[in-house]
1. Out of all the residues in the range 201-216, which are closer than 14 Å to residue 99 by Cβ and either within 11 Å of the ligand (Cβ to nearest atom) or surrounded by 24 or more Cβ atoms within 10 Å (Cβ to Cβ) (or both)?
2. Identify, please: which residue in the range 328-368 is within 12 Å of the ligand (Cβ to nearest atom) and among the hydroxyl-bearing types (Ser, Thr, Tyr) and is, among those, farthest from the chain's Cα centre (by Cα)?
3. Identify the residue in the range 367-426 that is at pLDDT 95 or above and in contact with a Pro (Cβ under 7 Å, 6 or more places away or on another chain) and, among all such residues, is farthest from residue 356 (Cα to Cα).
4. Looking at the range 228-238, can you tell me whether even one residue there is more than 29 Å from residue 308 (Cα to Cα) and without any contact (Cβ under 8 Å) to a residue 40 or more places away in the chain?
5. Anything in the range 70-93 that is surrounded by fewer than 23 Cβ atoms within 10 Å (Cβ to Cβ) and out of contact with any helix residue (DSSP H, G or I) (no Cβ under 6 Å at 6 or more places or on another chain)? List them, or say none.
6. Out of the residues in the range 105-151 that are free of Cβ contacts under 8 Å to residues at least 12 places away in the same chain and within 21 Å of the chain's Cα centre (by Cα), which is nearest to residue 95 (Cα to Cα)?
7. Can you pull out the residues in the range 142-164 that are assigned to a strand (DSSP E or B) and within 16 Å of the ligand (Cβ to nearest atom)?
8. Can you pull out every residue in the range 245-264 that is surrounded by fewer than 20 Cβ atoms within 10 Å (Cβ to Cβ) and under 27 Å from residue 192 (Cα atoms)?
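The values are calculated or read from the model by the stated rules, or taken from the named source; none is laboratory data. Since this is a predicted model, take the numbers as computed values, not measurements. As a convention, Cβ positions derive from the backbone with ideal geometry for all residues, glycine included, and neighbour counts pool all protein chains shown.
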Amino acid sequence: MDIDKIRKDFPILSRRVRGKPLVYLDNAATSQKPRAVIEALSNFYENTNANVHRGIHTLSEEATALYEEARKKVARFVHAPSPESVIFTRNTTESINLVAHAWGRKFINPGDEILLTGMEHHSNLVPWQILAQEKGAVLKFVEVRPDGTLNLEDLDRNAGPRTKLIAVTHVSNAIGTINPIRRFAQVAKSLGALLLVDAAQSVPHIPVDMRVLGCDFLAFSAHKMMGPTGVGVLIAHEEMLEKMSPFLGGGDMIREVWLEKATWNELPYKFEAGTPNFAGVAAFGAALDYLQGLGMDNVRAHEQELIGYALKSLLQIEGITIYGPMDSAQRSGVVSFNLGTIHPHDLGTVLDEDGIAVRAGHHCCQPLMRRLGINGTTRASVYVYNTKEEIDKFAKSLDRARTLFGVCAPSPTDRPAKPSAKKEGR
Ligand code: 7TS
């Protein structure tokens, strides 16, 4: 891949921040957009704008075609069972809440168990807490080991005949761990439980094939994969979606409505109430084309090389504590760390002075932070347009912060995780 050429496709990458060229290392929060996506969005509003699934007029037909074509592209991108199994939502959070409401409220009973992990983003934790409280269900957890990988013995210990759902993140947004989803799928299958995979950090960065993962629900967001904000995806087998209750009621999701009752539309419209973000979905189609053109194997290979380089370079910095697996094969393009006792927000501010964008804080993973014995971290996360030169600038800026603050030795609980000898699959 010609990274310089790719960079030219992203207008924002040529801007300056505080007088320095922007180094954007906050891709786990949201990705930048190639010109093709920005133009798809403005083209839509300039030439096609009309509501979908309504029209007998040309614009509405064209808008509907773009919307439905994007659904097919999503299905192809992750090898979903069918286009009808792809539901457009607002984001990953809404996709997971959809399952908690439409499946959970119908099928979870008192005493049933939902198995989660200790590294979930709050959006794959809080909806299950709410459901469990409402239904008298029990939450169980696969805990995180000090090296930032999951303790799979907990999976065998805590999954059982009462387990109805296992919900796990494919890739940790906070520390970058790539989890062995197939192992979770085997356990779920052996128990007749369902498996939900939070793929917000995997689909944008590594090749994902739903057939290989063996999951029942897959959730992700367009904005983290070069698409616009306000578009999310939930994928589930049609038989499952047929059994589930609607999530939101209103226009588009109905077949017939009487004053006292209604019947539901066919899939996937049963779960798409109200006017969807059709302009965003059309532009998401352009993002999928762009990523498809790069090839997800190439995207992953570039990010793995970059993160291996970043780990090596950051480990040279005195007083640094890096969280998560040290083997780049087990880690996505995320590196999360603390530098001595410098507060992550202070570190983020120094980096910003050098034009470098990172995230600092708990990354919506407070239980994981507690488990690691910290309040938060500074997190750099790469995408396909980042370069080794940018990693060098980043390391140099960290060194500047070290000198500025005068780094104290890390506390015993903050020692770097040991490299894990064992490799696990995705
Ligand atoms: N799950 C994971 C693993 C995530 O990383 C995120 C967002 C979500 C769910 C929620 O996605 P949303 O599109 O509904 O917001 N993660 C982050 C992050 O790491 N920094 O900002 C958002």
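1. 215
2. Going through the qualifying residues, I end up with 336.
3. My answer is 376.
4. The answer is no, given that none of the residues of the range 228-238 is more than 29 Å from residue 308 (Cα to Cα) and without any contact (Cβ under 8 Å) to a residue 40 or more places away in the chain.
5. 76, 81, 82, 90, 91
6. Within the range 105-151, the match that is nearest to residue 95 (Cα to Cα) is 126.
7. 142, 144, 150
8. Of the range 245-264, the ones surrounded by fewer than 20 Cβ atoms within 10 Å (Cβ to Cβ) are 245-246, 248-264.
Answer for the range 245-264, where residues must be surrounded by fewer than 20 Cβ atoms within 10 Å (Cβ to Cβ) and under 27 Å from residue 192 (Cα atoms): 245, 246.
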